[in-house]
1. Just the residues that are surrounded by fewer than 21 Cβ atoms within 10 Å (Cβ to Cβ), under 24 Å from Leu28 (Cα atoms) and not charged (D, E, K, R), please, taken from the range 64-89.
2. Within the range 210-231, track down each residue that is loosely packed, with under 11 Cβ neighbours inside 10 Å and under 19 Å from Leu157 (Cα atoms).
3. Conditions: (1) in contact with a Lys or Arg (Cβ under 7 Å, 6 or more places away or on another chain); (2) assigned to a helix (DSSP H, G or I); (3) surrounded by fewer than 16 Cβ atoms within 10 Å (Cβ to Cβ); (4) assigned by TED's automatic domain parsing to the domain that holds Leu12. Asp161 meets all but one. Number of the miss?
4. Only one of these is more than 30 Å from Lys267 (Cβ to Cβ) and in contact with a His (Cβ under 9 Å, 6 or more places away or on another chain): Gly183, Gly197. Name it.
5. For the structure I just gave you, tell me whether Ala203 is assigned by TED's automatic domain parsing to the domain that holds Val32, out of contact with any Asp or Glu (no Cβ under 9 Å at 6 or more places or on another chain) and surrounded by 14 or more Cβ atoms within 10 Å (Cβ to Cβ).
6. Residues being under 15 Å from Asp84 (Cα atoms) and in contact with a Cys (Cβ under 7 Å, 6 or more places away or on another chain): count how many of those fall in the range 53-65.
7. So which of Phe249, Phe292, Phe254 is at pLDDT 95 or above, assigned to a loop (DSSP other than H, G, I, E, B) and either over 17 Å from Lys18 (Cβ atoms) or assigned by TED's automatic domain parsing to the domain that holds Ala173 (or both)?
8. Anything in the range 24-40 that is touching a Phe, Trp or Tyr at 6+ places or on another chain (Cβ under 9 Å) and farther than 18 Å from Glu142 by Cα? List them, or say none.
Amino acid sequence: MNATWSEKLEQLRRTRYKYHNDDYLEFLVDRVWKLHQPCRLLDCGCGFGYMGLKLLPLLPAGSTYTGVDEAVELLDEARAIFADLPYETNFIEADIHAVPLEDDTFDVALSHTVLMHLEHPQKALAEMVRLTRPGGLVITCESNWNAVNALTHIHELDKLDTTDLGFLQRLFARDHKATGRDGNIGAKMPLLLHQAGLKNIDARITDAVRCLFPPLDTDEKKELYQSFRADGLGLNLDAEREGQLRARFVERDFTPEEVEGHIRKEKYLADHFVERGEESHIVFPLAMMFSFGEVDKVWALCYHMDRKK
């Protein structure tokens with residue numbers, strides 16, 4: 001995982017809290033994943049332990065949580081957060097492509113908004129499978145940027161003036177081709193789980209939709225507004241950021257006309273948030289996908305052998 005996340009703790013804090021509704025996670029744990037016995041939970045790319053904070057209160061007593069990440073600062077924060085909580089936890093500094101633990105160590109292996117940042121997500125997924133016992137679950141939660149951009153509504157703005165969906169779809173596709181990283185990997189995860197040799201694959205889309213209407217007269221509203229901004233909505237387009245965007249668009253083979261058109265939209269959106277952002281009526285669906293499957297290593301071995309024929 002990219003070590004620059006160590007420098008983005010505040011961004012992680014501002015954005016993660018709005019991603020899921022607690023009652024929906026409770027539904028997944030109880031009705032979908034059926035985690036009714038104490039389980040050993042592995043969180044690959046755990047950051048500051050966000051998913052541990054969300055899931056441990058929902059799991060049966062006696063469950064344990066192990067977080068793996070390369071970012072030392074995030075792990076230190078996780079240890080501090082969990083120090084006074086009544087859970088058995090362990091945090092390991094390691095590359096999630098090669099975790100220094102034995103096969104079949106965990107009942108559930110989870111990754112949350114991690115695979116989208118990796119050049120080779122299949123390798124990390126294979127490691128999650130290795131670490132999970134037969135009959136256990138591998139669970140991923142990943143983003144779908146195309147869906148988020150299509151569904152986000154800012155009432156004071158004309159979407160055609162601020163969001164060129166075709167341009168963004170082409171940009172994300174070209175970024176993926178150039179880097180291997182994929183902000184739309186969520187919709188592809190069931191297939192990737194199938195290719196990893198998992199069985200009984202299923203998926204759910206999170207029900208989280210965040211609405212923010214003025215005035216920003218409570219701490220909760222102010223925090224949600226800052227979370228939107230930290231997630232990239234109406235970021236200030238100073239000379240440095242504009243230069244970075246232009247370079248990225250040119251590198252991805254967009255024409256000068258396409259570059260100027262999108263920069264104009266970015267400026268319009270940024271100017272609106274500088275001048276009237278706190279007066280905006282915003283509806284922001286998260287559109288994140290949980291995908292999961294059951295580990296059967298004999299079946300997976302046969303599956304991979306068949307694919308090689």
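1. Those that are surrounded by fewer than 21 Cβ atoms within 10 Å (Cβ to Cβ), under 24 Å from Leu28 (Cα atoms) and not charged (D, E, K, R): Thr64, Leu85, Pro86, Tyr87, Thr89.
2. Pro215, the sole residue that qualifies.
3. Only one criterion is unmet by Asp161, namely (4).
4. Matching residue, one of Gly183, Gly197: Gly197.
5. Criteria met by Ala203.
6. Looking only at that region, the number is 0.
7. Answer to the check: Phe254.
8. Cys39, Arg40
The values are calculated or read from the model by the stated rules, or taken from the named source; none is laboratory data. What you see is a predicted model, and the numbers here were worked out from it, not measured in a lab. Cβ atoms come from the backbone with ideal geometry, glycine included; neighbour counts cover every protein chain shown.
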